[in-house]
Structures are given as structure tokens and as C-alpha cells.
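Trainee: I have a structure here, written as C-alpha cells, and I will follow up with some questions on it.
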Amino acid sequence: MVQKQSIILGIESSCDDTAIAILKGNKILSNYVANQEIHTEFGGVVPELASRAHQQNIIPVLQKGLKEANCSLSDIDAIAYTRGPGLLGSLLVGSSFAKGLSLGLNKPLLEVNHMKAHISAHFIDDNASTPKFPFLCLTVSGGHTQIVLVKSFLEMEVLGNTLDDAAGEAFDKAAKMMEIPYPGGPQIDQYAKTGNPLAFPFKISNMKGYNFSFSGLKTGILYFLRQKVEENPHFIQENLNDICASVQHTIVTILLKKLTKAVKDYKISEVAIAGGVSANSELRKQLKAKEADGWKVHLPKFEYCTDNGAMIAIAGKFLFDAQQFGELKNPPSPRLKF
Ligand code: KG4
Ligand code: ZN
């Protein structure tokens, strides 16, 4: 007998993207993201404006998602939402919306951890490849930088963390110093393409074990730019490509150093990356090059790198399969533990 494939609605609202996806089995039927342009002029996410924009976007995004998937709400088997970590006001919009749907449709609720969901996105069926357990995942976003040992769909252990800024934050803060609008990570990636990564050497931090630190780099870039601009007010414009390439090279080197240590220590060569920074072309290129050393590298499809509803839906599917249901009384959790 062929078993019916579950249909899961995934709702993501942890930061500044309002995202909804519909998943059938491991296949995405629709995946919509409404980005919030409003934050660009402030140089970073303004929490109150983010919550307000989520309120405005969430119904239209759901309607588009249902239409594209050719689904109605009555087809949905369960509702997965981001319980945390994230901004409280943003999480409140998605969680209240998910609870309302769960109550109204009488369908189970699935509480998803945003960081685990970034990793789970690798199991959506249209990625180039799927990692095998156990694997190591470098999870790099605007709020987190972690090396995770992934033992199964639901069993994941954090081996290392950033002790201060996240990798995405390091990109965004460096960009801000060069007056590149928020979020600066993707633009640094673009400018770096024609720059010399060795033009301006910045210090590579080395923390204990598998931990990271990016605050020293941030200060290093700030002092470097300040001094150079004092000598030549046009220094940034004249050297933008080289500065971006050098900053990117330093961040990628810091990330790969620790990941390489974990690969050696744990003798696991199955490696994946996840989170917004996994869209970075230099990180992807350098990781791919590691295949020459015997690594099996898994790069997520671009649309599953930055925040999206598809990753929440697939992480929810694993909870649904394990019958680990959420509860209506549970509040969102901005610092939800891994
Ligand atoms: O996972 P994500 O969408 O949101 C969080 O959970 O934080 O990650 C957003 C972060 C931002 O810091 C953004 O600048 C960074 O990912 N990012 C990139 C690239 N694309 C997104 N950083 C470097 N290169 C990119 N191509
Ligand atoms: Zn994220």
C-alpha cells in the first residue's frame, strides 16, 4: 500500500523575512519570502518595524503560497512554525498566526528551532546532494555561527559557537563601515569578485576548540579604515573591491580553519553548510575545493540558504513523523536552546 505523503505548512518570521512554504513529502510545492526593504535605511533590522511588516505580509504570503501549491488550507496535515531563536516581536506574529491556524483547522502544531531548520533544509529533495549521517554542518547566519554534529534528523549536537559576533554580522558590520547598505554580506560577495583577497591582511582569530570570534576582526577593520581614510579620504571608494575581497577571505579562513579541525578530530568527511552566509561564493568555492582532500561537500540550493519557509516545513515534517507535536500554550522563545 502506498502511504499518503504528509502536507506541511511552514511559517518563518524570526527576523525580517516573512516566509511561508508548503511541503509534500520531501518536495516543496511553494516557497514564498517577503523581504522587508524598510530596514535598509536604518542600516540594520528595527525590531518594531519588523513585527509590523510581518503583520502586513503574512496573509498575502500565505495566499500566494496556497495558490502556487494548488492547495487549500483543508489539505494541510500540520502547521510548522519557528518558535525561536529570533526577535520576540517577529516570532510573536508567526507563532500566533500558526496557533490560530492550528486551532481553526484542528491540525497539529510543530515547534521548529530556526537553526536546526537551516540544517534540515539539506533534506528537501531538489538540492544537488543530500548529506549522509553522521555529518558536520557549519551553520552561519546573521545571528549564529556554529559547528554542529548531525547524527539524525532530530539529533544534533553543537560542537562550537561564536563567542561574540556571528559571521553574517561580521560581513554586515564591515559593509556598514564602507557605507554599503544593510544587509551588506551579499554585496561584499559581489565586490570581492574582482578584488585581491590578499591585498589587506587582517588578523585571523583562534579560539579554543571549535569556537569562533569575530569581534576582533570588526575592530581591526574599523581601525584600518579609519587610518587609511585619514591619509586618503577616497581610500574606500578607490579600494572597495580589494577591501571586500580581503574581509571575505579573512572570514572564510576563520570558518574553514575550525571546520577542518572538526573534520580531522571527528574523522567525519561528510560536510554541509547552512544559513545565510552559506550563499557566499568564496565559502562555497573553498569548501568545494576540499573535495580534493576527500571531503564530501553538500551546498544548499541558494533559495534555502537565507531564511525561508521551506526549511521550517521540512524540519516540521521530521517532528511530525516522530509525532513530536507542539502545544498551543507554549510561547515563542527568542533564545530557544539548540
Ligand atoms: O540565515 P539568514 O537569512 O538570517 C539569520 O538567521 O540571521 O542570514 C542572514 C545573513 C546576513 O548577515 C547576510 O549578510 C548574510 O546572511 N549573507 C551573506 C550572503 N548572503 C547572505 N553573507 C555573505 N555572502 C553572501 N552571499
Ligand atoms: Zn536564519
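Trainee: For the chain, give me the percentage of DSSP beta bridges that are antiparallel, rounded to the nearest 5 percent.
Mentor: Numbers: 25 of 42 bridges.
Bridges in the chain that DSSP calls antiparallel: roughly 60 percent.
Trainee: Right, something else. Looking at the stretch 131-299, what % of its DSSP beta bridges pair antiparallel, to the nearest 5?
Mentor: Numbers: 11 of 19 bridges.
Of all bridge pairs located within the stretch 131-299, approximately 60 percent are antiparallel.
Trainee: In this model, which of Lys27/Lys67; Lys208/Lys261; Lys208/Lys285; Lys132/Lys193 are farther than 22 Å apart at the alpha-carbon? Don't skip to the answer; put the middle values down first.
Mentor: Details: Lys27/Lys67 16 Å; Lys208/Lys261 11 Å; Lys208/Lys285 26 Å; Lys132/Lys193 32 Å.
Violating the 22 Å limit, Cα to Cα: Lys208/Lys285; Lys132/Lys193.
Trainee: Let me ask something additional. Test of the criteria: in the stretch 308-338, which trypsin sites (Lys or Arg not before Pro) are in a DSSP loop and have at most 16 other Cβ atoms within 10 angstrom of their Cβ?
Mentor: Details: sites: Lys317, Lys329, Arg335, Lys337; in loops: Lys329, Arg335, Lys337.
For trypsin sites (Lys or Arg not before Pro) across the stretch 308-338 that sit outside H, G, I, E and B with at most 16 neighbouring Cβ atoms in 10 Å, the list reads Lys329, Arg335, Lys337.
Trainee: Roughly how many Å is it from the Cα centre of the stretch 1-76 to that of the stretch 127-172, as a whole number?
Mentor: 23
Trainee: Given axes a ≥ b ≥ c from the Cα gyration tensor, I'd like to know whether the stretch 115-209 is rounded (a/c under 1.5), prolate (a/b larger than b/c) or oblate. Write down the numbers at each step before the final one.
Mentor: Working: a/c = 2.21, a/b = 1.66, b/c = 1.33.
Taking the square roots of the gyration eigenvalues as a ≥ b ≥ c, the stretch 115-209 is prolate.
Trainee: Find the relative contact order for the chain and round it to a whole percent, using C-alpha pairs within less than 8 Å whose residues are 6+ positions apart.
Mentor: After rounding, I find 25 percent.
Trainee: Oh, and also: Using the Kirkwood radius over C-alpha pairs as Rh, can you work out the diffusion coefficient of the chain via Stokes-Einstein at 10 °C, viscosity 1.306 mPa s, in µm² per second?
Mentor: Details: Rh = 20.5 Å.
The Stokes-Einstein estimate is 77 µm²/s.
Trainee: Here is a further query. Is the shape of the stretch 185-253 best called rounded, prolate or oblate, per the rule: a/c under 1.5 gives rounded, else a/b larger than b/c gives prolate, else oblate, with a ≥ b ≥ c the square roots of the Cα gyration tensor eigenvalues? Please report the intermediate quantities before stating the final value.
Mentor: Numbers: a/c = 2.52, a/b = 1.45, b/c = 1.74.
In terms of gyration-tensor shape, oblate.
Trainee: Per residue of the chain, what 222 nm ellipticity follows from adding -39500 (n - 2.57) for every DSSP H run with n ≥ 4, rounded to the nearest 500? Can you show the working numbers first?
Mentor: Values: 9 runs with 138 residues, N = 338.
My calculation for the chain gives -13500 deg cm²/dmol from helical runs alone.
Trainee: While we're looking at this one, here's another question. Tell me the net charge near Glu291. Cut-off is 13 Å between Cβ atoms, Glu291 excluded, with +1 for each Lys or Arg and -1 for each Asp or Glu.
Mentor: Values: positive: Arg284, Lys285, Lys288, Lys290, Lys296; negative: Glu270, Asp293.
So the environment of Glu291 carries a net charge of +3.
Trainee: With the chain treated as a Gaussian network of Cα nodes joined by springs under 10 Å, which of Asn161, Asn308, Asn106 yields the largest mean-square fluctuation?
Mentor: In this elastic network of the chain, the residue with the biggest mean-square fluctuation among Asn161, Asn308, Asn106 is Asn106.
Trainee: Leaving out ligands, DNA and RNA, what percent of the accessible area of the stretch 1-102 is carbon and sulfur, probe 1.4 Å?
Mentor: Numbers: 2430 of 4640 Å².
Reported share for carbon and sulfur atoms: 52 percent.
Trainee: Which far-off residues, 5 or more places away or on another chain, put their amide H under 5 Å from the one on Asn211, with H placed in the peptide plane?
Mentor: Asn161
Trainee: Could you give the accessible area per residue of the chain, probe 1.4 Å, as a whole number in Å²?
Mentor: Averaged over the residues of the chain, the accessible area is 45 Å².
Trainee: What is the magnitude of the charge dipole of the chain about its Cα centre, with +1 placed on the Cβ of each Lys and Arg, -1 on the Cβ of each Asp and Glu, and no other charges, expressed in debye to the nearest 20? Present the calculation step by step, with values, prior to reporting the outcome.
Mentor: Working: 35 positive and 33 negative charges, 184 e Å.
For this selection, approximately 880 debye.
Trainee: Can I ask one more? Using a ≥ b ≥ c from the Cα gyration tensor of the stretch 131-299 (square roots of the eigenvalues), is it rounded, prolate or oblate, where a/c under 1.5 gives rounded and otherwise the larger of a/b and b/c decides, a/b for prolate?
Mentor: Working: a/c = 2.25, a/b = 1.98, b/c = 1.14.
Because a/c hits 1.5 or more and a/b exceeds b/c, the stretch 131-299 counts as prolate.
Trainee: Each residue of the stretch 33-45 in order: what ³J(HN,Hα) in whole Hz does its phi give by Karplus 6.51 cos²θ - 1.76 cosθ + 1.60, θ = phi - 60°, with x for Gly and Pro?
Mentor: In residue order, the calculated couplings are 10, 9, 7, 9, 5, 3, 6, 4, 5, 9, x, x, 6 Hz.
Trainee: Counting only protein heavy atoms and a 1.4 Å probe, tell me what percentage of the stretch 131-299's accessible area is made up of carbon and sulfur.
Mentor: Details: 4130 of 7670 Å².
The nonpolar share, carbon plus sulfur, comes to 54 percent.
The values are calculated or read from the model by the stated rules, or taken from the named source; none is laboratory data. Just so you know, these numbers come straight off a predicted model, no measurement behind them. Cβ atoms come from the backbone with ideal geometry, glycine included; neighbour counts cover every protein chain shown. Surface accessibility is based on the protein's heavy atoms, side chains included, excluding ligands, DNA and RNA. Shrake-Rupley method; radii C 1.70, N 1.55, O 1.52, S 1.80 Å.
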